[in-house]
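The values are calculated or read from the model by the stated rules, or taken from the named source; none is laboratory data. Model, not experiment: these values are computed from the prediction. Don't worry about glycine lacking a Cβ; one is built from the backbone with ideal geometry, like all the others, and counts go over all protein chains shown. We work out accessible area using only protein heavy atoms, side chains counted, and drop any ligands, DNA or RNA first. Shrake-Rupley method; radii C 1.70, N 1.55, O 1.52, S 1.80 Å.
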Amino acid sequence: MVIKITFPDGSVREYEQGVTGYQIAESISPALARDVVSCGVNGETVELNRPINEDASIALYKFGDDEGKHTFWHTSAHLLAEALKELYPGIQFGFGPAIENGFFYDVLLPDGQAIKESDFPKIEDKMRELAKQNEPVVRREVAKADALKEFAADGQTYKCEHIDQDLEDGTISTYTQGSFTDLCRGPHLVSTGAIKALKLTSVAGAFWRGDANREQMQRLYGISFPKKKMLDEYLVMLEEAKKRDHRKIGKEMELFMFSERVGKGLPIWLPKGTELRLRLQDHLRRVQKRFGYQEVITPHIGSKNLYVTSGHYAHYGKDSFRPITTPEEGEEYMLKPMNCPHHCEIFASKPRSYRELPLRLAEFGTVYRYEQSGELHGLTRVRSFTQDDAHLFCRPDQVKQEFLNVMDIINIVLTAFGFNFEAQISLRDPNDHEKYVGTDEDWALAERAIVEACEEKGLPAKVEYGEAAFYGPKLDFMIKDAIGRRWQLGTIQVDYNLPKRFQLEYTDEDNTKKTPVMIHRAPFGSMERFTAVLIEHTAGHFPLWLTPDQVAILPLSEKYNDYAREVAKKFDMQGVRATIDLRNEKLGRKIRDNELKRVPYMVIVGEKEAADGLVSMRQQGGGEQATMTIQEFIDKINGEVAEMTKNF
């Protein structure tokens, strides 16, 4: 029987029923067949040797594609587990997925043993040995009862718990390579031989099922590639990433800190970091004011009933801090996990007319989410963060234009920092509508609005199913930093559901009551995460208009401190931000220390400068040097800032 295969470009070819993705790739080009690692069949990523028995659309994924990397790293996680099983008899396995950059596996060694970084070389050697054997990765469908017996016989306690508690009755897919079998939905490589280069990168603690009351396992992280050159390039990038680590640079520049006494994951913004953050906020304020936004402030806590109404308690309750109970009244409050329910209440505070819409409410609102201590990471994963949040309430016929306007805002905001971005349309999982709220009709309207807005802007956007918020689809903006890492920052979401849950309404021009549509948007995402990304993107060398200190004034000795203060005062009067280094240190030491603080310009003042009203300028990194009048220098700095900010 002949079946029709449709390719991404719309072309159609005919093949015999049972053809595999590999055979299709080979029919196009032997070189392509060598490079593909998995394929998408009707939107589902599967192995290259999976038979296709009916008409289907197909996409062929190489390692360079996200789907290809996921397949490659998923198999690499199994390869790690296979190596560990041979090296550590009695080892228990938890979960071992592919992640954004590589893979990990959670394991527990018997008798209190632990894997140390010094053990990595022997584990890597064993992984390479197994990969060279080019073991086939074999998929099987087994009954749940049989899977339980199989993993119980192998002594895998955690796998049995996972089967018993998480998996439905019926058939379960497993994958076997060599001596190792794992529960898995796939997809995987056809065999392990494609894994040519690998590296274990770190080991950390991880509680089983993320429950701090359960056993603490070890989480081994790794990375792998089809070519050694790719691994070498990645390791160079890792070294560069260490130099750019926002935690290290943030400490050197005195931007933020954490305190165990204050609490884990609760960032404290120091004076210079606060200046930076406020300047970021002012940048967005100026932009969104042009688009008709009104700023509001809402409390840091809210009644538990507020979040029950919104649906956040049901969908995010486990990620929230526990409710606060008032003993006298028996009321329950929660630290605010989201700003949107509060903004819904603002809309509902008085009768609304269609003439008021769109109503655009913006807030730099601090919210709180419970993150396990092992998951906390600098400013990128915290328990307290401030969203540059806004919620737009509009009529259905206004949705697309408002969405387009928000896209313009995000473009203005992100390009100000030199970011190039791509977009991702996050839609519902078509096979699991249970985790979402709202009608299919509303979801279709919301999804269509996003797709049409992207088409109208000519913005290429990748579609990801299952990544939508529980109340609506969204458009996420991904940026690449200076060393090629991808970060998700801004987001826009279309929501037909929250207004209905809060029974929001406005009077339309025909005098009937209508429910508004809600658009959620956050160009930065959160001030904490954006700052972390910006630090690592720039290595702390912020744009001159943004940096906390534009100039460091370095007197040659204490005799010139008064002149340094006079210069600083003149700078301040004309909007140039300067700090004076009054330490009794040699000039070379002052220059080195201020280089470390990434101050863009240093001005040196001594006898000649004080006598003639001059400053000797030195640019960060040993760049331009010159002597000029104080006013000439002020004009230079302000001129550079004006040129940088003229488009926003």
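Structure above, values below:
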| read-out | value |
| --- | --- |
| Ordering of 136-144, 354-362, 506-514 by packing [mean C-beta count within 10 Å, highest first] | 354-362, 136-144, 506-514 |
| Derived scalar couplings ³J(HN,Hα) [the stretch 164-177; Karplus, 6.51 cos²θ - 1.76 cosθ + 1.60; whole Hz; x for Gly, Pro] | 5, 9, 10, 9, 6, 4, x, 8, 10, 8, 10, 10, 10, 9 |
| The chain - percent of accessible surface contributed by carbon and sulfur, probe 1.4 Å | 48 |
| Cα long-axis angle, helix 561-573 against the chain (0 to 90 degrees, to the nearest 10) | 70 |
| Prolate/oblate/rounded label for the stretch 3-94 (Cα gyration tensor, a/c 1.5) | prolate |
| The chain: angle of helix 271-290 to the longest principal axis, Cα-based, in degrees nearest 10 | 80 |
| Label of the coordinate-derived value, semi-axes √(5λ) of the Cα gyration tensor in Å, listed as (1) 54, 28, 24; (2) 39, 28, 25; (3) 47, 35, 26 | (3) |
| Segment Leu587-Lys636, length gained on full extension (0.36 nm per residue, minus Cα span) | 15.3 nm |
| Mean Cβ neighbour count within 10 Å, used as a protection proxy, ranking 487-493, 16-22 highest first | 487-493, 16-22 |
| Cα long-axis angle, helix 66-87 against the chain (0 to 90 degrees, to the nearest 10) | 70 |
| Calculated FRET efficiency for the pair Glu54/Ala143, C-beta based, R₀ 30 Å, to 0.05 | 0.70 |
| Inter-label distance, nm, simple model (7 Å from Cα along the C-beta direction), Phe470/Leu235 | 4.5 |
| Cross-link partners of Lys4 among lysines (Cα-Cα below 27 Å; sequence separation of 8 or more within a chain) | Lys62, Lys462 |
| D_trans [Stokes-Einstein, Kirkwood Rh over alpha-carbon pairs] for the stretch 447-531, 25 °C, 0.890 mPa s, µm² s⁻¹ | 163 |
| Contour minus Cα-Cα distance for Asn511 and Glu161 (0.36 nm per residue) | 120.2 nm |
| Relative contact order for the chain, counting Cα pairs under 8 Å that sit 6 or more residues apart, in percent | 9 |
| In sequence order, calculated HN-Hα J values of the stretch 258-265 (Karplus, 6.51, -1.76, 1.60; Hz; x Gly/Pro) | 10, 9, 4, 5, 5, x, 5, x |
| Integer Hz, Karplus 6.51/-1.76/1.60 couplings in order for the stretch 22-33, x for Gly and Pro | 5, 5, 5, 4, 5, 5, 8, 6, x, 5, 5, 4 |
| Amide proton proximity set for Leu60, modelled H, under 5 Å, gap of 5+ | Gly40 |
| Distance in nm between pseudo-label sites at Lys122 and Glu16 (7 Å out along the Cβ direction from Cα) | 5.0 |
| Three-way shape label, the stretch 72-211, alpha-carbon gyration tensor, a/c 1.5 | oblate |
| Label-point gap, in nm, between Glu607 and Asn134 - each point 7 angstrom along Cα→Cβ | 8.0 |
| Within straight-line cross-link reach of Lys69, aspartates and glutamates at Cα separation under 14 Å, skipping those fewer than 8 residues along the same chain | Asp35, Glu47, Glu100 |
| Linear extension gain, Val308 paired with Met573, 0.36 nm per residue minus alpha-carbon span | 90.2 nm |
| Local electrostatic count at Met617 - Lys and Arg +1, Asp and Glu -1, tallied over other residues with Cβ under 14 Å | -2 |
| Highest average packing first - 284-297, 536-549, 240-253, Cβ atoms within 10 Å | 536-549, 240-253, 284-297 |
| Residue-normalised accessible area of the chain, given per residue in Å² at a 1.4 Å probe | 47 |
| Cα gyration tensor shape for the stretch 548-608, rounded if a/c is under 1.5, else prolate or oblate | oblate |
| Which listed pairs, of Lys289/Lys400; Lys289/Lys457; Lys196/Lys248; Lys336/Lys457; Lys243/Lys569; Lys85/Lys318, have C-alpha distances above 24 Å, in listed order | Lys196/Lys248; Lys336/Lys457; Lys243/Lys569; Lys85/Lys318 |
| 222 nm mean residue ellipticity, helices alone, for the chain (DSSP H n ≥ 4; -39,500 (n - 2.57); rounded to 500) | -11000 deg cm²/dmol |
